[in-house]
Structure formats: structure tokens, C-alpha cells
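K.L.:
Can you read through this structure? Questions will come right after.
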Amino acid sequence: MSSKGKYKMVAIDLDGTLLNTDHQISQSSVEYLRHLHSKGFIVAIATGRTRSSTEEVIQALNLPTGEEGFPLVCLNGACGLKIYDYQEEYKDQADKVLFHDCVPVEVAKKTLELAKNEMGLVTNYYLGREIYANPTCEKHIKSTEKYMMLTGTKIHYITDNYADVLKRGLPSKMLVFCDPEEIDETYKTVLDSMHEEAHVIRGSPPWFVEILKKDICKGNGLIKLCQSLGVSLEETIAFGDGSNDIEFLQLAGKGIAMKNARSDVKAVANEVTEFTNAEDGVIKTLMKMEQ
């Protein structure tokens, strides 16, 4: 990378950023990120997705990271991992957990109560590498099916109003589904109800609201990832498009918003890409920086 070797790592959001409108990574992106990695540049993913729903992208990149592993911040900063098993020689090696912060039990119970009894909505409960939901009507089923299609992950349907999963462990994050036209109202209702007890995020795409432990965000996830890798924030480039990327872009040495990003994201970025995610805006910007 240019700028006299100022940057050592690029951390990239997935949906709306690295992935195209079909939520796929282009071959051009794969080839260029492999090129950067071959020059000693660290390539990391920072996403709201689960670890499982990033597997297809990490496998497509297939970066030969060896014992260093592939650095991943997932669940909007709640969890940081090094991934190994996409490499044949490390196929049996477990992930290395760098950090993991769960939603407190009081917040988890309040979210479930609010979603079901006050808003009539269904909630995703993220426990370990699994997702659970208790749909009670056709609208709930359609929302969860839409999410499974988007992320390629499986949601386990339960019927006990989350009683068993609450006993088994606290969620890494929670997600409340809504109709796109209800996103602003749903976000405000959840935000007001939490009274700053949690971090509430307006979802991207805009048909869900996410709930995380207070102070958990991609930006703080980036801080922890940099600490574990021995890279300074000033040496990082970050790309994003959604409201969950605001702190992420603000904290990076160079925060770059996509052309297709929300206006509030563009407002905090150091730069806005000339091209959208559908036009490989991430790699075209990195190529220009390398010249």
C-alpha cells in the first residue's frame, strides 16, 4: 500500500460494502485481496454477521494465513476470532477467541418481552454459533426465512419462548425483525425502552434492529483486534456503509464510506468511494491507493 507504508491492515464490512447486491464477493475482489495479502498486508473482515455466515466469503478468499489465522470481527464487535479451518492443513483447528462480550441477562429478557408483547415481533437469539427464534405467526416465519436467505445461515425454531436458550447461556447479540417501513419506529421504540442499558443499532438492510451489550460496536471491536494483532489504529483502513459502521470508520486511521452508504456514515468518513459495492468500490479504491 502507498502512503509510504503508513497502512498495514484493511478491515472490511461485508453486506453493502465488500459484497455485491447479490451478497456475493466478486472474483476481482478475491484476486486483489489475495494480492494485498501476498505483499504482507493484513486483510480482516468486520461484520454484523455471525461467524458461520462469513464462512463462504473467507473460503472464497482462501488467504494462506497459516498459523496466524484469518482475523474476523463478527456480531458487530461482540466477538473477535482468528479462523483457521478454511485451510486444508488446519481443517481440524478450532477458532482462537480474541474477545467475546455477551448481552446481559436483564437486557436479553427485556428485549424478548418488548418484541413479543409490545411490538408483536420475533427475535433472533445468538448463542454460540447457533441462532434461535420463536416465531408465532406467518409474518415471523417470512422474516426469519428472509434472513436465512440473506446470510446463508440456519435459524433453529423453538416453541418455549426462549426459556431453554436463556438457561443455556447469554446471547452474543439479539435481532428484532420488522417491516422496512417500520424500521424507524421500531428502532426508536427499542432505543427508548433500553434507557442506555444496551447498544441499539438500526439494521442494514433496514428490516431489523440489533441489540448488543452497552459499548459494544464494530469500532471497539477494531480496537481489540488491533491490540491482538499488534497493529495501531492509525495503520488501519476501514470500509463500511451502514450505521453500525460509524464508530468503525471514525476510529480507523482512514475510514472510507461506500458511495452507496447512508448519509450519516458518509458524514463521519475521511473519504467516500467513487464506486458502489455493486461496482467493486472497495478494491477500486484500494488499487488507487496502491498506485
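The values are calculated or read from the model by the stated rules, or taken from the named source; none is laboratory data. Computed from a predicted structure; not experimentally measured. Counting neighbours? That spans all protein chains shown, and the Cβs are built from the backbone with ideal geometry, glycine included. The accessibility values were calculated without ligands, DNA or RNA, using every heavy atom of the protein model including side chains. Shrake-Rupley method; radii C 1.70, N 1.55, O 1.52, S 1.80 Å.
K.L.:
Quick check: is even one residue across segment 82-95 touching an Asp or Glu at 6+ places or on another chain (Cβ under 9 Å), basic (Lys, Arg) and at pLDDT 95 or above?
P.N.:
Of segment 82-95, the ones touching an Asp or Glu at 6+ places or on another chain (Cβ under 9 Å) are 82-86, 90-95.
In the following step, the residues that additionally are basic (Lys, Arg) were identified as 82, 91.
Subsequent filtering for residues that are at pLDDT 95 or above retains 82.
So far as segment 82-95 goes, yes, one or more of its residues are touching an Asp or Glu at 6+ places or on another chain (Cβ under 9 Å), basic (Lys, Arg) and at pLDDT 95 or above.
K.L.:
Can you tell me which of (1) part of a helix (DSSP H, G or I); (2) free of Cβ contacts under 8 Å to residues at least 60 places away in the same chain is the one Glu234 doesn't meet?
P.N.:
Every listed condition holds for Glu234 apart from (2).
K.L.:
Another question, then. Quick test of your reading of the structure: Phe99 fulfils all but one of (1) in contact with a helix residue (DSSP H, G or I) (Cβ under 9 Å, 6 or more places away or on another chain); (2) more than 24 Å from Leu233 (Cα to Cα). Name the failing condition by number.
P.N.:
(2)
K.L.:
When the residues of segment 157-173 are filtered to those that are β-branched (Val, Ile, Thr) and either at pLDDT below 95 or open to solvent by 20 Å² or more (accessible area, probe 1.4 Å) (or both), which remaining residue is nearest to the chain's Cα centre (by Cα)?
P.N.:
Quick first cut of segment 157-173, residues β-branched (Val, Ile, Thr) only: 158-159, 165.
Pick out the ones that are also either at pLDDT below 95 or open to solvent by 20 Å² or more (accessible area, probe 1.4 Å) (or both) and you get 158-159.
Values: Ile158: 25, Thr159: 28 Å.
Top of the filtered list is Ile158.
K.L.:
Something else about it: For residues that are surrounded by fewer than 19 Cβ atoms within 10 Å (Cβ to Cβ), within 21 Å of the chain's Cα centre (by Cα) and among the aliphatic types (A, V, I, L, M), tally how many sit in segment 257-291.
P.N.:
Count: 4.
K.L.:
Could I ask something else about it? Give the residue, chosen from Asn220, Asn244, that is touching a Lys or Arg at 6+ places or on another chain (Cβ under 8 Å), touching a residue at least 60 places away in the same chain (Cβ under 8 Å) and of a type outside the set (Lys, Arg).
P.N.:
Numbers: Asn220 fails: touching a Lys or Arg at 6+ places or on another chain (Cβ under 8 Å).
Unique residue meeting the criteria: Asn244.
K.L.:
Any idea which of Ala238, Ala198, Ala252 is open to solvent by less than 20 Å² (accessible area, probe 1.4 Å), over 28 Å from Asn20 (Cα atoms) and either aliphatic (A, V, I, L, M) or modelled with pLDDT of 95 or more (or both)? Please lay out each step first, then the result.
P.N.:
Working: Ala238 fails: over 28 Å from Asn20 (Cα atoms); Ala252 fails: over 28 Å from Asn20 (Cα atoms).
Within the list Ala238, Ala198, Ala252, the selection yields Ala198.
K.L.:
Sticking with this one: I'm checking my understanding of the structure. Among residues of segment 31-52 that are among the polar types (S, T, N, Q) and at pLDDT below 95, which one is nearest to Ala78 (Cα to Cα)? Walk me through how you get there before you give the answer.
P.N.:
Initially, segment 31-52 is screened for residues among the polar types (S, T, N, Q), giving 38, 47, 50, 52.
If we keep only those that are at pLDDT below 95 too, we end up with 50, 52.
On the way: Thr50: 10, Ser52: 14 Å.
Top of the filtered list is Thr50.
K.L.:
I'm trying to understand the selection: among the residues of segment 253-291, which are aliphatic (A, V, I, L, M), within 19 Å of Leu33 (Cα to Cα) and not in a helix (DSSP H, G or I)?
P.N.:
Pass one, segment 253-291, residues aliphatic (A, V, I, L, M): 256-258, 261, 265, 267-269, 272, 278, 282-283, 286-287, 289.
Those left that are additionally within 19 Å of Leu33 (Cα to Cα): 256-258, 278, 282-283, 286-287, 289.
Hits for segment 253-291 are Ile256, Ala257, Met258.
K.L.:
May I ask you to list the residues in segment 15-33 that are in contact with a helix residue (DSSP H, G or I) (Cβ under 7 Å, 6 or more places away or on another chain), surrounded by 14 or more Cβ atoms within 10 Å (Cβ to Cβ) and not aliphatic (A, V, I, L, M)? Can you show your working first?
P.N.:
Start the filter on segment 15-33 by keeping residues that are in contact with a helix residue (DSSP H, G or I) (Cβ under 7 Å, 6 or more places away or on another chain), which leaves 16-21, 23, 25, 28-30, 32-33.
Imposing the further condition that a residue be surrounded by 14 or more Cβ atoms within 10 Å (Cβ to Cβ) reduces the set to 16-20, 23, 25, 29-30, 32-33.
Within segment 15-33, Gly16, Thr17, Asn20, His23, Ser29, Tyr32 qualify.
K.L.:
Please tell me if Glu56 is over 30 Å from Arg168 (Cα atoms) and part of a helix (DSSP H, G or I). Spell out the reasoning first.
P.N.:
Values: over 30 Å from Arg168 (Cα atoms): no; part of a helix (DSSP H, G or I): yes.
When the stated conditions are applied, Glu56 does not pass them.
K.L.:
Which of the residues spanning segment 237-252 are in a loop (DSSP other than H, G, I, E, B) and closer than 19 Å to Asp215 by Cα?
P.N.:
Initial filter on segment 237-252 (in a loop (DSSP other than H, G, I, E, B)): 241-242, 252.
Passing the criteria: Gly242, Ala252.
K.L.:
From the list Ala94, Ala115, exactly one residue is more than 23 Å from Ala238 (Cβ to Cβ) and open to solvent by less than 10 Å² (accessible area, probe 1.4 Å). Which is it? Give the derivation first.
P.N.:
Details: Ala94 fails: open to solvent by less than 10 Å² (accessible area, probe 1.4 Å).
On inspection, the qualifying residue turns out to be Ala115.
K.L.:
What's the number of the only condition in (1) surrounded by 21 or more Cβ atoms within 10 Å (Cβ to Cβ); (2) under 17 Å from Gly48 (Cβ atoms); (3) touching a Cys at 6+ places or on another chain (Cβ under 8 Å) that Leu75 fails to meet?
P.N.:
Of (1) surrounded by 21 or more Cβ atoms within 10 Å (Cβ to Cβ); (2) under 17 Å from Gly48 (Cβ atoms); (3) touching a Cys at 6+ places or on another chain (Cβ under 8 Å), only one is false for Leu75: (3).
K.L.:
Does segment 147-156 contain any residue that is over 22 Å from Ile216 (Cα atoms) and more than 22 Å from the chain's Cα centre (by Cα)?
P.N.:
no
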